[in-house]
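**Student:** Quick one: the structure is below, questions incoming.
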Amino acid sequence: MKNTHPPPAWLKDAVFYQIYPQSFYDTNGDGIGDLPGIIAKLDYIQSLGVTALWLNPIFTSPFGDAGYDISDFYQVAPRYGTNRDLQRLCAEAHRRGMRVCLDLVAGHSSNQHPWFLASAKPEKNKYSDWYVWTDSAWTSETGAVRGCSERDGGYLPNFFCFQPALNYGHAKPDPKKKWQLPVTHPAVQAVRRELKNIMKFWLDLGADGFRVDMASSLVRGDADGAGLRELWRFYRQWLDRDYPEAVLISEWSNPRRAIGSGFDIDFMIHFNEPAYYKLLGTAWEAGGGVATQVFFDRQGRGDVAEFLSSYLRNFRATRGRGYISLPTGNHDFPRHSRGRAERDLRVIYAMLFTMPGVPFIYYGDEIGMKYLENLTSKEGSYQNRTGTRTPMQWDSARNAGFSTAPPAKLYLPVDGRAAAPTVARQERDPQSLLNLTRRLLVLRRRHPALGNTGDFRPVYAKKKSYPLVYERRLNGARCWVAVNPTNRPLQVTLPAVAGAEKLEALDADLTKRGTKTTLTMKPVSFGIWSVAGTRGSAH
Ligand code: GLC
Ligand code: CA
């Protein structure tokens, strides 16, 4: 499985910042973040060491699913601004050497989209086959939504009921089900072309690429993935020719498949490959506490071997052809701060920011924003998503500086606790999480072995045991990273090194005694060293 091209060179040292636009910064006092707000904060974002943005959907939408239900793919939603504002945001980012990636909701539209409204009509028209319709309102076995249209049939939703799936065809249509169209069907081909037009439109306006929503959902009945591979490679080849710098990032959580299909980056997150879950959990089932049996657990109940086997398999299969991202968080699962102390986050970030691949920081994670408990659903966020989407905490002004609107008008409530972290307070404290984040990203840049393209190898990683120590290496330069998420002090013997220079640490030490290296770690600690001349650890 060869990718058609190496990923664009700018990804070699890219660091992304994910912005949930409604909650980032409100410049016109309506209680909702906007594009001018992102422009206003670009210098701050850049000060983190970030080189690129990913914005959650900013397009016209009835906002049943926070904008993942688009009713006009070519228009910025008025609440965020105009297409001109987006153009300005891209230009301002580019002026700073930063890139802007948009969210491409490829698999579905809103049921309010004119294409779908036309498609739902009983009369045959241009859009009749743009969505996946069964041929009878009585066909129930498919999961189709029935009885919602004058058209006799049911449509397949891609996610929520109001998100009908766009028709990318069936890889192997069932001959008995005439409504399953082959991928070669003219309507399916028209949908494909339309998606290309959408990408072209935003690339021409200044965007640098896309995070593709539910990237593996497009072709149906595609067990071996051949249909998806063909589809994404079609886009990738076109981009390679016309927009070689443009990147495709997938929400797939299966790097081998995603990168083999032409994506440059795949998120390893909370579904499919269990790696991310085994590492960090997502605090879903624990209802406020950290899930058990994840590696980053003070009780030490996790097993790093479970993370590593899945991670290494994917890493080896994709190295040099694309990147894996282990994000600090995203808009779909509780922040890792839930049920954890700030110190735990320091250890987590020490690892996430020294792993291969492209780091992604979810807005607010750099200051350790909390998951806000007990909020009701907002725009389809439901449980486990709402508390992750609250306004960014900038300073001690009204609404934490997010907006001048009366608090009742805010998109979601602000974390109003006195101890709630803010950017302003953490800016002043050299030891803050914000400044640790910055230092870790500086290290990543100064020591390319720690960066996106360096190799990765466990040095100390025992089944059901702590700590985890790994080596990053590039062109002969080596770094070691050790993390102890548990509340126990630990001491282990590591292979000998000729020298070790501490780059950043929290209560961890590496000492040389004869031919042995001893790693001593206090509870909840980490260390990062540049090492020289390791013996007894043949590569
Ligand atoms: C993705 C998005 C999520 C959205 C869903 C449907 O998983 O990240 O927020 O609800 O797709 O578009
Ligand atoms: Ca606003």
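The values are calculated or read from the model by the stated rules, or taken from the named source; none is laboratory data. Being a predicted model, the structure only gives us computed values, none of them experimental. Every residue, glycine as well, gets a Cβ built from its backbone with ideal geometry; the counts of neighbours run over all protein chains shown. With ligands, DNA and RNA removed, areas are computed over all heavy atoms of the protein, side chains included. Shrake-Rupley method; radii C 1.70, N 1.55, O 1.52, S 1.80 Å.
**Student:** What size of dipole, in debye to the nearest 20, comes out for the chain about its Cα centre when the only charges are +1 on Lys and Arg C-beta atoms and -1 on Asp and Glu C-beta atoms?
**Tutor:** Its charge dipole is roughly 1860 debye.
**Student:** What's the carbon and sulfur percent of the chain's accessible surface, probe 1.4 angstrom, rounded to a whole number? Display every interim value, and only then the final one.
**Tutor:** Working: 10380 of 20080 Å².
Ligands and nucleic acids excluded, carbon and sulfur give 52 percent.
**Student:** Per residue, how much accessible surface does the chain expose to a 1.4 Å probe? Answer in Å², no decimals.
**Tutor:** On the way: 20080 Å² over 539 residues.
On a per-residue basis, 37 Å².
**Student:** Taking the Kirkwood radius as the inverse of the mean 1/r across Cα pairs, report the Rg/Rh of the stretch 145-260.
**Tutor:** Numbers: Rg = 15.3 Å, Rh = 15.5 Å.
Answer for the stretch 145-260: 0.99.
**Student:** Right, something else. Show me 320-327, 426-433, 369-376, 256-263 ranked by packing, highest mean number of other Cβ atoms within 10 Å first.
**Tutor:** Ranked by mean Cβ neighbours within 10 Å, highest first: 256-263, 320-327, 369-376, 426-433.
**Student:** So which trypsin sites (Lys or Arg not before Pro) in the stretch 1-96 end up in coil per DSSP with only 10 or fewer other C-beta atoms within 10 Å?
**Tutor:** Sparse-neighbourhood loop trypsin sites (Lys or Arg not before Pro): K2.
**Student:** Give me the compactness ratio for the stretch 385-442, meaning the Cα radius of gyration over 2.2 N^0.38 Å. Mind showing how you got there, number by number?
**Tutor:** On the way: Rg = 12.8 Å, N = 58, 2.2 N^0.38 = 10.3 Å.
The stretch 385-442 yields a ratio of 1.25.
**Student:** Sticking with this structure for a sec: Give, to the nearest whole percent, the P(r) tail of the chain beyond 44 angstrom, counting all Cα pairs.
**Tutor:** Details: 24574 of 144991 pairs.
So the portion of pairs separated by more than 44 Å is 17 percent.
**Student:** Using a 1.4 angstrom probe on the protein heavy atoms only, could you order V524, V145 from most to least accessible area?
**Tutor:** Listed by decreasing accessible area, they come as V145, V524.
**Student:** Still on this model: In a Debye calculation with equal point scatterers on the alpha-carbon sites of the stretch 148-211 and no solvent, what is log10 I(q)/I(0) at q = 0.16, 0.22, 0.26, 0.28 Å⁻¹?
**Tutor:** Cα-only, vacuum Debye calculation for the stretch 148-211: -0.72, -1.04, -1.14, -1.17.
**Student:** Separation of the stretch 109-181 and the stretch 464-490 by C-alpha centroid, Å?
**Tutor:** Going from one Cα centre to the other spans 51 Å.
**Student:** List residues of the stretch 426-457, by number, whose backbone nitrogen lies under 20 Å from a label position 7 Å along Cα→C-beta of N475.
**Tutor:** Within reach of a label on N475: 441-457.
**Student:** Describe numerically, in nm with one decimal, the distance between label points set 7 Å from Cα along Cα→Cβ at R446 and at S309.
**Tutor:** Modelled inter-label distance: 3.9 nm.
**Student:** Could you give the Stokes-Einstein D for the stretch 457-532 in µm² per second, using the C-alpha Kirkwood radius, 4 °C, 1.567 mPa s?
**Tutor:** Calculated translational D: 105 µm²/s.
**Student:** Which of the chymotrypsin sites (Phe, Trp or Tyr not before Pro) found in the stretch 70-140 are in a DSSP loop and have at most 13 neighbouring Cβ atoms, other than their own, within 10 Å?
**Tutor:** Sites meeting the loop and neighbour criteria: W138.
**Student:** Another one. How high is the FRET efficiency from E245 to L48, r the C-beta distance, R0 25 Å, rounded to 0.05?
**Tutor:** 0.65
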